[in-house]
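The next block holds one structure in the form of structure tokens; read it before the comments.
The values are calculated or read from the model by the stated rules, or taken from the named source; none is laboratory data. For clarity, every value in this text was computed on a predicted model and none was experimentally measured. Cβ sites come from the backbone with ideal geometry, for glycine too, and all protein chains shown count toward neighbours. SASA here: full protein model, heavy atoms, side chains in, ligands and nucleic acids out. Shrake-Rupley method; radii C 1.70, N 1.55, O 1.52, S 1.80 Å.
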Amino acid sequence: MPFKPVPSRRDLLKTGAALGALGVASPLIGARAFAQGALTVGFIYVGPRDDYGYNQAHAEGAAAVKAIPGVTVIEEENVPESVAVQRSMESMIEFDGAALVFPTSFGYFDPHMLAVAPRYPGVQFRHCGAVWQEGVHPANTGTYFGYIGLGQYLNGIVAAHASRTKKIGFVAAKPIPQVLININSFLLGARSVDPTITCQVIFTGEWSMAVREAEATNALIDQGVDVVTCHVDGPKVVVETAAARGAYVCGYHANQSALAPALYLTGAEWNWATLYTNFVNQALAGEPLANFVRGGLSDGFVKMSPYGPAVTAEAAAAADAVKAEMMSGGFSVFRGPLYTNTGTLVIPEGTAYLETDIALESMDYLVEGVIGSTS
Amino acid sequence: MDTDLGWWAVPLALIGGAIRISTPFLFVSLGETITEKSGRINLGLEGTLIFGAMIGYGMAYLIGDAWAQAAINDAIAQGLPPPAVSARSYPMAAWLGVGIAAIAGSLFGVVHGLICSLKRVNDIAVGIAMMLFGMGIAFYFGKPFIAPAAPDLPSIPFAAWSDVSQVRDAFNVNALFIIGIVLAVVLWWAFRNTRLGLILRVVGDSADAARALGYNINLVRTLATAVGGAFAGIGGAFLSLYYPGSWNEGISSGQGLMAVALVIFARWNPIACFWAAMLFGGTSALGPALQAVGVTGGYYLFNAAPYILTLGLMVATSSRNRAMAGAPGELSITR
Amino acid sequence: MVQLVGDGGDAVAPPPRVTGRSVLDWISRRAEVVVIPLGAILAGLVLFGVFLWIQGHDPFQFYDLMYLGGFGRQLSIESALSRAAPLLFAALCVALPARLGLVVIGGEGAIVLGGLAAAAIALPLANAPAFVGIPAMAIAAMIAGGFWIGIAGALRHYRGVNETISSLLLAYVAIALMNHIVEGPLRDPASLNKPSTAPIADQLMVGTLPGLNVHWGFAVGVVACILAWILIDRTTWGFSARIAGGNVRAAQIQGLPVGKLIIGFCALGGAFAGLAGMFEVAAVQYSANGSLAARYGYTGILIAFLARHNPLMIIPFAVLLGGIEASGGLIQRRMGLPDATILVFEGLLFVLILISETFYGRFRIFNPEKRSPA
């Protein structure tokens, strides 16, 4: 008995016109769904709430929402990207009356959130990471994300100043666009200081695999890498292992400076509190919620950890100067001519992508200077 | 001094990886060898390992933190400036953590052993249920210990003579690894040459013979399971207190379950357990090490190297006729 | 030629004359298998209640929520049944080889490869009608899963390799293979941050049961359990397997094809596990991706042992587990307990159910022949 719960992916591709504009609000959604002055908000995490990383960053955002009067926050952790998340969303809505749901892991979007949302038109769904498209995805759904690649670019600048071997390293989970943007940004930031720097990447293949993350960190350092950053769900193991070997560390997701006080340079952190409180306040006020939200440093979606003691004044000044440019807008991390590490020209001379460019969200290459491959 | 090792990094990583990664496999498989020699199998050691990792880390942190607080309070009471100490300043607390993990592990073992002493209760099934319980209780009580930093177990620099920093780091050996090697040899000897070893083997090979000799079968098996549990607890504490050296819910990627399987691979021989653990540890380092020297494709397959290699070796060394040579006769899984 | 044989072991012969007493005896003998596990469950509820109470949580609220979230409403039942669906197949992958005395713990591998095979065969069948495409996916999944566990059986028979360790190793290899293929050769470029194969065609998606938001995998799983029960309890194949499981030498002397039985039962178990993967792809994910390795294979081991490898008993235990897991979210949210609470509860409950097996035959009330010697 075949049925069609979601628009097929071919439909998605047909309407593939990029939605660059920030904050495309759907007129269909209204304040009706939200009872005035009271709101139950659901958060779903793919891992433990306190992983020193991705999920903790979201949980800290949820904690900020709890402080808003009239708002009830309900949370579930360790929810797999399977039928389980669909049932969790339903349960939050039916049993607890959640009117706004934030499934925070990328894999929750298609097909899971897209399967549940059409059955609850009165409930708003906002998903972290995917690209919402008008006419393709239900009007009561939407997506948000932050340009944390900017933070990795700044990490790269600081790393380049700290590195003596001119080799920096990246422990990554999987070669997906969100990770590739970070690796490339880290290298490009470093190369903006010293064009001879290379960045070695090791993919662990899993979002959370403690021993392999430690091995990857050790393998990088054995190759002479002296500054390490990462993109895995919980960076704790990478940070501690690198610090134990005496390498500098740039953090990711959250502030890990307490794990390596002397060697932590800076870090690219999420700051979801801003975004979540905005969404919830809008919902409380009965305003329509935006369906496609992106933001970077200037929007307060992303922030940098305070510089550690090993960061020189020169390095801090260099990073701060670029950060100021990013804050005022118009700074492009990805600008031509840009070659991949297999020699293909991906961005021609004269072209520059702002971080808001939707084309970056399907990145499938590593830039020249990164040692590693996407498959 | 940093040296560019190039491809030499791969064999070095295999050796270093074998030393770093093998210890939990070694301890769990040695412990399980004792248990299985007595004729029982405890598949629940994955749960025991994870609980050992949690309780070892948590207790090491709490003890270290208490000592640090005491030192600070003492200094303040004497009017001195408070010393810059934290839980991490007390490696002795980490050793206490290991001890507590061993005790906790033995409790899990006793429970498993007692339950399986009941008639008609299947030891494999109880093991799996205990695995669930151990993991659950570790995660349940482990939440507050994810963020704090516990002290690490100290390591012994065996290659301090080397100018090459990578070599020095690869041969930073934890005392537990050495204890594990010693234990493997001692167990190998004890199984053959001591009265205890004999009792264990008789009970494991033939319950009837053991009964005829007047041994208390259930007591022997329960004690053997308790010792196995203690070893698994130590293996877990190694994970959280040394390498990778932190507590989180993803700390084990199946080491406990795999180590139980390695016992069969090692044919209940403690020395072979050591080699199996070394093989597993070394090949676990292969994937990341190869990527680091530029072999970047197919890393999923390289990461599966320990499993593929172990399977290959098993197929190569097994034969139909001596299917289970060395297997304790009473063992449910090989009967 | 499959031929029906009488009930193998402890068959309860129908009483020659139906009397009030004999009916009562029959009931009390049958009641044992119900009352003992229920007693264990009750003990588990009490013990876990104490565990919660010591920490200042309200056990009654916990069980209230567990009932509400797991079984109390249609929504909850749907959640329980859809979680149970893959577990039915996964448990069969353990229960069938167990008839021969084999302990297969690598069903996870068959699940992921079954899912991968189903997604792969769906690619060239994008324009095929459902009645061709869906069976093709199911067959591909069964072949892939059956082949994988069949390897463990063949290694056991021809090389004497222990099937427990080989199936576990094969599971890890299968997951690596699946990830390699999903992120490499078969990766759909449009899958972006969740590397997946291209989605299956719309007409190949498997829908839900009439009137119930539970996909067809559950119904097929129940049928699979019944078929498996018929196979091992009512056919010569099952009878032979039981003999071979008891004593290989004796079975060989009787001329039973031990090798074929070992490989066949392993492969059949693997084929069922493969179906679990196929339904994950066809009814839940619509493509193959890393989420196929959802540890259903490991949960299935526990269910099979709880059911004492009786395929019919797999059904209630899978539904029980599905219901407990379905209620986990509600308990997290309403009581602020960590997600692991459910894991602790499951562990405790299942340990007690396993302990309760020791009580079979010990209570006179269930054993009329002890009560009134003939």
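Distance between Cα centroids, region C:197-218 to region A:331-352: provide it in whole Å.
43 Å
Carbon and sulfur: what percent of region A:54-198's accessible surface (1.4 Å probe)?
Carbon and sulfur: 55 percent of the exposed surface of region A:54-198.
From the helices alone, meaning DSSP H stretches of at least four residues, give me the mean residue ellipticity at 222 nm for chain A, per-run term -39500 (n - 2.57), in deg cm²/dmol to the nearest 500.
My calculation for chain A gives -9500 deg cm²/dmol from helical runs alone.
Points 7 angstrom from Cα along the Cβ direction at C:Met335 and C:Leu24: gap in nanometres?
My value for the distance between the label points is 4.1 nm.
For region A:278-286, just list the computed ³J(HN,Hα) in residue order, Karplus coefficients 6.51, -1.76 and 1.60, θ = phi - 60°, integers in Hz, with x standing in for Gly and Pro.
Per residue, the Karplus-derived 3J(HN,Hα) values read 4, 4, 5, 5, 4, 4, 5, 7, x Hz.
Would you mind working out the accessible area per residue for region C:58-336, using a 1.4 Å probe, and quoting it in Å²?
Values: 8470 Å² over 279 residues.
Computed with neighbouring chains in place, this is 30 Å² per residue.
Fully extended, how many nm does the chain gain between B:Leu301 and B:Ala175 (0.36 nm per residue separation, minus their Cα-Cα distance)?
42.1 nm
Taking the full set of protein chains and a 1.4 angstrom probe, give the accessible area of C:Leu312 in square angstrom, rounded to the nearest 10.
60 Å²
Using only Cα atoms and rounding to the nearest 10 degrees, what angle (0 to 90) does helix A:54-66 make with the longest principal axis of chain A?
Taking Cα atoms only, the helix is inclined about 50 degrees.
Averaging sequence separations of C-alpha pairs under 8 Å and six or more residues apart, then dividing by the length of region B:26-256, give the relative contact order as a whole percent. It would help to have the intermediate numbers written out before the result.
On the way: 426 pairs, mean separation 95.3, N = 231.
It comes to 41 percent, rounded to a whole number.
Taking each pair of different alpha-carbon atoms in the protein assembly as shown once, compute 1/r for the pair, average those values, and report the inverse of that mean as the Kirkwood hydrodynamic radius in Å to one decimal. Write down the numbers at each step before the final one.
On the way: mean 1/r = 0.0330 Å⁻¹.
Averaging 1/r across every pair of different Cα atoms and inverting gives 30.3 Å.
I need the shape label for region C:139-245. Rule: rounded when a/c is under 1.5, else prolate if a/b > b/c, else oblate, with a, b, c from the alpha carbon gyration tensor. Mind showing how you got there, number by number?
Numbers: a/c = 3.35, a/b = 1.28, b/c = 2.62.
Judged from the Cα gyration tensor, region C:139-245 comes out oblate (a/c at least 1.5, b/c at or above a/b).
What shape does chain B have by the C-alpha gyration tensor, where a ≥ b ≥ c are the square roots of the eigenvalues, rounded means a/c under 1.5, and otherwise prolate means a/b greater than b/c and oblate the rest?
On the way: a/c = 2.03, a/b = 1.27, b/c = 1.60.
Since a/c reaches 1.5 but b/c is at least a/b, the shape of chain B is classed as oblate.
Listed here are the pairs A:Lys167/A:Lys303; A:Lys236/A:Lys303; A:Lys166/B:Lys143; A:Lys323/B:Lys143; A:Lys66/A:Lys236; A:Lys236/B:Lys37; which of them are more than 29 Å apart at the Cα?
A:Lys166/B:Lys143; A:Lys323/B:Lys143; A:Lys236/B:Lys37
Going through the DSSP H helices of chain C, which span 20 Å or more along their own axis at the Cα atoms while scoring at least -1.0 as a mean Kyte-Doolittle hydropathy?
Correct list, ordered by number: C:20-54, C:74-98, C:107-122, C:130-154, C:163-183, C:216-234, C:258-279, C:311-335, C:340-356.
With solvent modelled as a 1.4 Å probe, how much accessible area in total do chains C and B shield from it at their shared surface, in Å² to the nearest 100?
4300 Å²
Contour minus end-to-end for A:Ala38 and A:Leu345, with contour as 0.36 nm per residue of separation and end-to-end as the Cα-Cα distance?
105.2 nm
Report C:Met142's accessible area, 1.4 Å probe, all protein chains in place, as a number in Å² to the nearest 10.
In the full protein context, C:Met142 sits at about 60 Å².
Give the distance, in whole Å, between the Cα centre of region A:285-316 and the Cα centre of region C:120-155.
Rounded to whole Å, the Cα centres lie 48 Å apart.
How about region A:304-375: which GluC sites (Glu not before Pro) there are in a DSSP loop, with at most 15 other Cβ atoms within 10 Å of their Cβ?
When the GluC sites (Glu not before Pro) of region A:304-375 are filtered for loop state and at most 15 Cβ neighbours within 10 Å, A:Glu349 remain.
Quote the FRET efficiency, to the nearest 0.05, computed for A:Ala321 versus C:Leu123 with a Förster distance R0 of 51 Å and r equal to the Cβ-Cβ distance.
The value I calculate is 0.50.
Just to verify a number: what accessible area does C:Val23 come out at with the full protein assembly present, 1.4 Å probe, Å² rounded to tens?
Roughly 60 Å² of C:Val23 is accessible to a 1.4 Å probe.
Between B:Ile76 and B:Arg192, what is 0.36 nm times their sequence separation minus the Cα-Cα distance? Round to one decimal in nm.
Full extension of this stretch gives 35.9 nm more.
Helix A:210-222 versus the longest principal axis of chain A: what is the Cα-based angle in degrees, 0 to 90, to the nearest 10?
That works out to roughly 30 degrees.
Specify the angular offset, from 0 to 90 degrees and rounded to the nearest 10, of the alpha carbon long axis of helix B:270-284 from the longest principal axis of the alpha carbons in chain B.
With rounding to tens, the tilt is 50 degrees.
Roughly how many debye, to the nearest 20, is the charge dipole of the protein assembly as shown about its Cα centre, given +1 on each Lys and Arg Cβ, -1 on each Asp and Glu Cβ, and no other charges?
Using only the charged Cβ atoms, the result is roughly 3620 debye.
Expressed as a whole percentage, what fraction of the accessible surface of chain B belongs to carbon and sulfur atoms when a 1.4 Å probe is rolled over the protein heavy atoms?
Heavy-atom surface of chain B belonging to carbon and sulfur, 1.4 Å probe: 69 percent.
Set the Förster distance to 56 Å, then compute FRET efficiency between B:Ser332 and A:Thr356 from the Cβ-Cβ distance, nearest 0.05.
0.35
Ignoring ligands, DNA and RNA, how do B:Ser318, B:Ser86 rank by accessible area with a 1.4 Å probe, largest first?
Greatest to least solvent exposure: B:Ser86, B:Ser318.
To the nearest 500 deg cm²/dmol, what mean residue ellipticity at 222 nm is calculated for chain C from DSSP H runs of n ≥ 4 alone, each contributing -39,500 (n - 2.57), summed and divided by the residues? Kindly include the intermediate steps, with their values, before the conclusion.
On the way: 14 runs with 246 residues, N = 374.
It comes out at -22000 deg cm²/dmol, rounded to the nearest 500.
About the Cα centre of chain C, how large is the charge dipole given +1 on each Lys and Arg Cβ and -1 on each Asp and Glu Cβ? Please answer in debye to the nearest 20.
In total the dipole reaches around 960 debye.
Using only Cα atoms, locate the centre of region C:163-191 and the centre of region A:152-229, then give the distance between them in Å, rounded to an integer.
Distance between centres, Cα-based: 26 Å.
Rounded to the nearest 500, what is chain B's calculated 222 nm mean residue ellipticity when only DSSP H runs of at least 4 contribute -39500 (n - 2.57) each, over all residues?
Value at 222 nm, helices only, nearest 500: -22500 deg cm²/dmol.
Take the alpha carbon gyration tensor of chain C, find the square roots of its eigenvalues, order them as a ≥ b ≥ c, and report rounded if a/c is under 1.5; if not, report prolate when a/b exceeds b/c, else oblate.
oblate
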